[in-house]
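Colleague: Please read through the structure below; I'll follow up with questions.
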Amino acid sequence: MKTPLEKLGLGDDNAGVFDGEWRGGGATFDKISPIDGRRLASVRTASADDYKKALSRAQEAFEKWRVTPGPVRGETVRRLGNGLRELKHELGQLVTLETGKIIAEGEGEVQEMIDICDFAVGQSRMLYGLTIQSERPNHRLMEQWHPLGVIAVISAFNFPVAVWSWNAALAAVCGDATIWKPSEKTPLTAIAVTKIAERVCGETGADPAIFTLMVGDRKNVGEKLADDPRIPLVSATGSTNMGFNVARAVNGRLGRTILELGGNNALIVTPSADLDMAVQSIFFGAVGTAGQRCTSTRRVIMHELIAARVRDKLLAGYKSLPIGNPLDRKTVMGPLIDRQAVDMVQESIQKLKDEGGEVLYGGERLTVPGGAYMKPCLAAAKPDFEIVKHETFGPLLYLMTYRDFDEAIAIQNGVPQGLTSSIFTNDVREAEKFVSAVGSDCGIANVNTGTSGAEIGGAFGGEKQTGGGRESGSDCWKYYMRRQTNTINFSTELPLAQGIQFGAGEGSATA
């Protein structure tokens, strides 16, 4: 019986560069599963020569792809979605093997890819411009959208394939080619997805280099992509520190960025809230993906009248949480991505204690041979703790209280990050204020649903140190195109805008 890797076309040794052909002249490394320390396979990374060839091939592919009609481009993306549907289970298993996500989340991530492909197919027929009323007679003023170029996509380990699809599916229907630099912690899922894209391009006749892949480290691939003037847009997901580095490089050459960086997401629980719903949302938001989502719930801001009840419900849930092998569908929380990630959470727990916080439950390492497991940590904290303002990328949840609703909003907004936020309330005034201009300062603000689990139909992204980028739904397709304003004069005269008269006498230009 074939393993998931074999069904996805992966072998023991895998080339990590694809631009129409597979190769990898750089260093080779082994991918180790965080579940049990087992070696999954090895990957050959990009060399300097691979980078040069891949950029040239992606540019060639773009020049052909940009003149392909949008609906025809959409057909390739439609088939990509179908290819993902056919291998959803196997690819979901591979996501779990590489990241430690529970299998339901692994398969859910693949479904997210399928959904954005469906969205992008529809968008391929709706790359709309505008016709604008001209102030000059017998003139037409309009705007249109053109393909942008070769887009770099730098993705993180926690969503190893979904974030690529948010960018690549839309970029493809917009007429762009993409170069994907996946996290070195999750290269196998990237290779598997690229193999699906390669097969689909073979079916439709598209140049497969529109979906170029380069596995490599920050120096040999990441920094080069950020510095390369041939790449007009870099979409990068990762830490805030990484975002600062990418922004300096890309903006320093006047390129564009889409940055999806840190989240320090809060959930407010008011006295009128449905506490069972709130606790369920907190539980998923804090424990899902072992707290390694950028949308994970990291702070719970409870009104002091109901704080004890919320705390007791959470403690009961944390104490009964099934932790273990994420391939077992009864498991609710698997391992973190690696032991270094566990170390980072332990350091944050110690800083919390040093500032006067209290661990209410959990936080201990779990001894599993080869694995990167720990108990999720539930802690009492104060909003002004320095560690609370820092994003710890793991299952560490801070509980704090408030008296006045404006105080709750101030606590919610009082961190450098601004990705997602949530309130549980049955008070319409509180709900409306939370989503108003004086409410949550995040890019996403939810009412009676949690901080985690965004749908692809809405624009995804945040403010402040989250980076300001937007991906996925709404009108995010515009990021991947260049806007052009056109004026067409179909008269025999040459009037100027703003009523300007230039020159004098017969034949002069007049308004």
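Colleague: Once you have a ≥ b ≥ c as the square roots of the Cα gyration tensor eigenvalues for region 267-336, tell me rounded if a/c is under 1.5, and otherwise prolate or oblate according to whether a/b is larger than b/c.
Modeller: Prolate is the answer for region 267-336, as a/c is 1.5 or above and a/b outweighs b/c.
Colleague: Express the Stokes-Einstein translational diffusion coefficient of region 197-247 in µm² s⁻¹, to the nearest whole number, given a Kirkwood radius over alpha-carbon pairs, 25 °C and a viscosity of 0.890 mPa s. Intermediate values should be presented prior to the final figure.
Modeller: Details: Rh = 12.9 Å.
Here the translational diffusion coefficient equals 190 µm²/s.
Colleague: Which angle between 0 and 90 degrees, to the nearest 10, do you get for helix 70-86 versus the longest principal axis of the chain when only C-alpha atoms count?
Modeller: Roughly 20 degrees between the two axes.
Colleague: Give me the percent of accessible area attributable to carbon and sulfur for region 62-117, probe 1.4 angstrom. Intermediate results must be reported in sequence, preceding the final value.
Modeller: Values: 960 of 1900 Å².
C and S fraction of accessible area: 50 percent.
Colleague: Now for a different question. For CYS377, which sequence-distant residues (separation of 5 or more, or a different chain) have an amide H within less than 5 Å of its own amide H, given hydrogens modelled in the peptide plane?
Modeller: Here GLY363, LEU396, LEU397 satisfy the definition.
Colleague: Convex hull over the Cα atoms of the chain, averaged projected area in nm²? Let's see the in-between values first.
Modeller: On the way: hull surface 110.8 nm².
Averaged projected area of the chain's Cα convex hull equals 27.7 nm².
Colleague: Further, regarding this structure: Tell me, what is the per residue accessible area of the chain in Å², probe radius 1.4 Å? Could the numbers behind the result be given before it?
Modeller: Values: 21040 Å² over 511 residues.
Value returned for the chain: 41 Å² of accessible area per residue.
Colleague: Ok, one more. Decide, for region 316-408, between rounded, prolate and oblate: order the square roots of the alpha carbon gyration tensor eigenvalues as a ≥ b ≥ c, take rounded if a/c falls under 1.5, and otherwise choose prolate if a/b is larger than b/c, else oblate. Don't skip to the answer; put the middle values down first.
Modeller: Numbers: a/c = 2.51, a/b = 1.69, b/c = 1.49.
Prolate, since a/c reaches 1.5 and a/b exceeds b/c.
Colleague: Still on this structure: What's the longest piece of the chain with no exposed GluC sites (Glu not before Pro), counting a site as exposed if DSSP puts it in a loop and it has at most 14 other beta carbons within 10 Å?
Modeller: Values: sites that count: GLU21, GLU135, GLU304, GLU355, GLU364, GLU386, GLU455, GLU493, GLU506.
In the chain, the maximal stretch lacking such sites is 136-303.
Colleague: Roughly how many debye, to the nearest 20, is the charge dipole of the chain about its Cα centre, given +1 on each Lys and Arg Cβ, -1 on each Asp and Glu Cβ, and no other charges? If you can, show how the numbers build up before the last one.
Modeller: On the way: 56 positive and 61 negative charges, 131 e Å.
Rounded to the nearest 20 debye, it is 640 debye.
Colleague: At a temperature of 20 °C and a viscosity of 1.002 mPa s, determine how fast region 174-281 diffuses translationally according to Stokes-Einstein, using the Kirkwood radius over alpha-carbon pairs as Rh; express D in µm²/s, rounded to the nearest whole number.
Modeller: Details: Rh = 16.7 Å.
D = 128 µm²/s.
Colleague: Using only Cα atoms and rounding to the nearest 10 degrees, what angle (0 to 90) does helix 88-99 make with the longest principal axis of the chain?
Modeller: Computed tilt is about 60 degrees.
Colleague: Separate question: Going highest first, how would you order 378-384, 309-315 by mean Cβ packing within 10 Å? Kindly include the intermediate steps, with their values, before the conclusion.
Modeller: Working: 378-384: 18.3, 309-315: 16.7.
Those peptides, ordered most packed to least, come out 378-384, 309-315.
Colleague: Cα gyration tensor of region 402-472, axes a ≥ b ≥ c as square roots of the eigenvalues: rounded (a/c below 1.5), prolate (a/b > b/c) or oblate? Intermediate values should be presented prior to the final figure.
Modeller: Details: a/c = 2.28, a/b = 1.39, b/c = 1.63.
In terms of gyration-tensor shape, oblate.
Colleague: Between 0 and 90 degrees, rounded to the nearest ten: what's the tilt of helix 240-252 against the longest Cα principal axis of the chain?
Modeller: That works out to roughly 10 degrees.
Colleague: Restricting to the chain, what percent of DSSP beta bridges are antiparallel, rounded to 5? Could you put the intermediate results ahead of the total?
Modeller: Numbers: 31 of 74 bridges.
Bridges in the chain that DSSP calls antiparallel: roughly 40 percent.
Colleague: Given the convex hull of the Cα atoms of region 374-413, what is a quarter of its surface area in nm²? Walk me through the numbers on the way to the answer.
Modeller: Numbers: hull surface 12.3 nm².
For region 374-413, the mean projected area of the Cα convex hull comes to 3.1 nm².
Colleague: Above 19 Å lies some portion of the pair distances; for region 356-511, what is it as a whole percent of all C-alpha pairs?
Modeller: On the way: 8538 of 12090 pairs.
The share of Cα pairs beyond 19 Å in region 356-511 comes to 71 percent.
Colleague: Once the Cα gyration tensor of region 95-237 is diagonalised, what are the square roots of 5 times its eigenvalues, in whole Å and ordered largest first, as equivalent ellipsoid semi-axes?
Modeller: On the way: eigenvalues 210, 68, 40 Å².
Over the Cα atoms of region 95-237, the ellipsoid semi-axes are 32, 18, 14 Å.
Colleague: For region 357-451, give the percent of accessible area contributed by carbon and sulfur heavy atoms, probe 1.4 Å, rounded to a whole number. The partial results should precede the final answer.
Modeller: Numbers: 1960 of 3940 Å².
With neighbouring chains kept in place, the figure for region 357-451 is 50 percent.
Colleague: Here's a follow-up. Please work out the ratio of the alpha-carbon Rg of region 15-144 to 2.2 N^0.38 Å and round it to two decimals. The partial results should precede the final answer.
Modeller: Numbers: Rg = 21.2 Å, N = 130, 2.2 N^0.38 = 14.0 Å.
Against the empirical 2.2 N^0.38 Å value, I get 1.51 for region 15-144.
Colleague: In addition: For the charge dipole of the chain, defined by +1 on Lys and Arg C-beta atoms and -1 on Asp and Glu C-beta atoms about the Cα centroid, which residue among SER155, GLY462, LEU40 has the Cα displaced farthest towards the positive pole?
Modeller: Comparing the listed Cα positions along the dipole, LEU40 ranks first.
Colleague: So if the hydrodynamic radius of region 163-229 is defined as the Kirkwood radius over C-alpha pairs, what does Stokes-Einstein give as its diffusion coefficient at 20 °C and 1.002 mPa s, in µm² per second?
Modeller: Numbers: Rh = 12.6 Å.
This corresponds to a translational diffusion coefficient of 170 µm²/s.
Colleague: Identify the trypsin sites (Lys or Arg not before Pro) of region 343-445 meeting these criteria: DSSP loop state and at most 16 other C-beta atoms within 10 Å of the C-beta.
Modeller: Values: sites: LYS351, LYS353, ARG365, LYS389, ARG403, ARG429, LYS433; in loops: ARG403.
Sites meeting the loop and neighbour criteria: ARG403.
Colleague: Now for a separate question. If each DSSP helix of 4+ residues adds -39,500 (n - 2.57) and the sum is divided by the residues in the chain, what number results at 222 nm, nearest 500 deg cm²/dmol? The partial results should precede the final answer.
Modeller: Numbers: 14 runs with 178 residues, N = 511.
When only DSSP H runs of four or more count, the value is -11000 deg cm²/dmol.
Colleague: Taking the convex hull of the Cα atoms, report for region 355-443 its projected area averaged over all directions, in nm².
Modeller: Values: hull surface 29.9 nm².
Reported value for the Cα convex hull: 7.5 nm².
Colleague: Students often get this wrong, so check it: of LYS181/LYS375; LYS31/LYS351; LYS2/LYS101; LYS52/LYS464; LYS2/LYS64, which have C-alpha atoms separated by over 28 Å? Numbers along the way, then the final one.
Modeller: Numbers: LYS181/LYS375 32 Å; LYS31/LYS351 31 Å; LYS2/LYS101 22 Å; LYS52/LYS464 35 Å; LYS2/LYS64 38 Å.
Over 28 Å Cα-Cα: LYS181/LYS375; LYS31/LYS351; LYS52/LYS464; LYS2/LYS64.
Colleague: Next question. Jot down the radius of gyration and Dmax of region 219-313, Cα atoms only, both in angstrom.
Modeller: According to the Cα coordinates of region 219-313, Rg and Dmax are 19.4, 58 Å.
Colleague: Here's a follow-up. Cα extents of region 432-480 along the three principal axes, largest first, in whole Å?
Modeller: Extents along the principal axes: 33, 21, 16 Å.
Colleague: Now for a different question. How large are Rg and Dmax for region 92-167 when only the alpha carbon atoms are used, in Å?
Modeller: Reported Rg and Dmax, both Å: 19.7, 65.
Colleague: Taking the Cα centre of the chain as the origin and placing charges on Cβ (Lys, Arg +1; Asp, Glu -1), which of LEU10, THR331, ALA58 is farthest toward the positive end of the dipole?
Modeller: Of LEU10, THR331, ALA58, it is LEU10.
The values are calculated or read from the model by the stated rules, or taken from the named source; none is laboratory data. Worth saying up front: this structure is predicted, and the values here are computed from it rather than measured. All Cβ positions, even for glycine, are placed from backbone atoms using ideal geometry, and neighbour counts span all protein chains on display. These accessible areas exclude ligands, DNA and RNA; they are computed on the full protein's heavy atoms, side chains included. Shrake-Rupley method; radii C 1.70, N 1.55, O 1.52, S 1.80 Å.
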